[in-house]
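One structure is given here, and the rest of the page talks about it.
The values are calculated or read from the model by the stated rules, or taken from the named source; none is laboratory data. None of these values were measured; they are calculated from a predicted model. Neighbour counts run over all protein chains shown; Cβ positions are idealised from the backbone, glycine included.
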């Protein structure tokens, strides 16, 4: 296959390659087993390899770059419109090839092993936090079924539940359920310790990362947000501007229009929901300090005077995302009042 662009549909075991011969226009399709993929591309002249930015895409991208190829990762939602008729591996590979030919196509930056490992820690932490919330909510419900109203706040609720269940004589919860609830409390405490351990690993990494140290100077950006931003962004230059990075995170309005009239709706919520959540929570923490008698940002004060609190929080998160991109893309230090 002599082609300037080869599309590769990724899979667990059987991969599909699609290319078009540059001079004759002949279409070539190849089915490749997992062990044949690198051999196939090692015997090809350097070319453009297009893939969907899906599971294992960054691993294969790094391996193909080592072989001298140029890899372009395309978000799945940009490939979907080019799938013809039935969905098959061959049709998917052809759709990837078609999408790669579009002059205005946007590509996903290839992440390094370190960035993927860091994001893995974040994903593991988030999963354990969700599991903890689920177990605590279940504890509230089960204790409430027997007339026990646990206090607000999960830490205080777990402590109170443990004390009540530990009193076997005075406990209103039946004995057959009491032991199971005590085990659930131990499970919650185990999850809390696991979350702390993961946070210590993330903090240890960010202490040795110079970009993270610069991001920590931004109000509302903490260890989790800074490290997640560095790992999620990958190569900052992959985004043309801070607004494009904010749009990638879903922090810009959706647009709807016809006949030359365009309406701005709520935020699109596209992109990475985890980093978007961290930025919005960071923005809310900044807004809590915008009180009379404290030094405040004029732009933020004006925004709060015109817009509801939630709208202001998202607008500030958008500004934080743009600032993060500017610091990483241009190697700058944070300036509270940027003069350009």
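Kindly list, by first and then second residue, each pair from a residue in region 16-34 that is in the same structural domain as residue 47 (by TED's automatic domain parsing) and outside any loop (DSSP other than H, G, I, E, B) to a residue that is exposed (fewer than 12 other Cβ atoms within 10 Å of the Cβ) and at pLDDT 90 or above, limited to pairs with Cβ atoms under 8 Å and residues at least 6 apart or on different chains.
33/13; 34/12; 34/13
Go through region 48-61 and count every residue that is surrounded by fewer than 19 Cβ atoms within 10 Å (Cβ to Cβ) and more than 20 Å from residue 13 (Cβ to Cβ). Step through it out loud before you land on a result.
Pass one, region 48-61, residues surrounded by fewer than 19 Cβ atoms within 10 Å (Cβ to Cβ): 48, 54-56, 59.
From what is left, the residues that are more than 20 Å from residue 13 (Cβ to Cβ) are 48.
The total comes to 1.
If we only count helices (runs of 4 or more DSSP H) wholly inside region 104-219, which ones have 2 or more residues that are closer than 30 Å to residue 318 by Cα and in contact with a helix residue (DSSP H, G or I) (Cβ under 7 Å, 6 or more places away or on another chain)? Walk me through it before giving the result.
On the way: elements: 113-144, 154-166, 175-207, 210-215.
Passing ranges, in order: 113-144, 175-207, 210-215.
Do we find a residue being at positive phi and surrounded by fewer than 18 Cβ atoms within 10 Å (Cβ to Cβ) anywhere in region 177-187?
Among the residues of region 177-187, not one is at positive phi and surrounded by fewer than 18 Cβ atoms within 10 Å (Cβ to Cβ), which makes the answer no.
Going by what's in this entry, would residue 204 be described as crowded, with 18+ Cβ neighbours inside 10 Å and closer than 30 Å to residue 279 by Cβ?
Numbers: crowded, with 18+ Cβ neighbours inside 10 Å: no; closer than 30 Å to residue 279 by Cβ: yes.
In short, no.
For residue 41, state whether it is assigned by TED's automatic domain parsing to the domain that holds residue 96, in a helix (DSSP H, G or I) and closer than 28 Å to residue 116 by Cβ. Can you show your working first?
Numbers: assigned by TED's automatic domain parsing to the domain that holds residue 96: yes; in a helix (DSSP H, G or I): yes; closer than 28 Å to residue 116 by Cβ: yes.
Judged against the criteria, residue 41 is a match.
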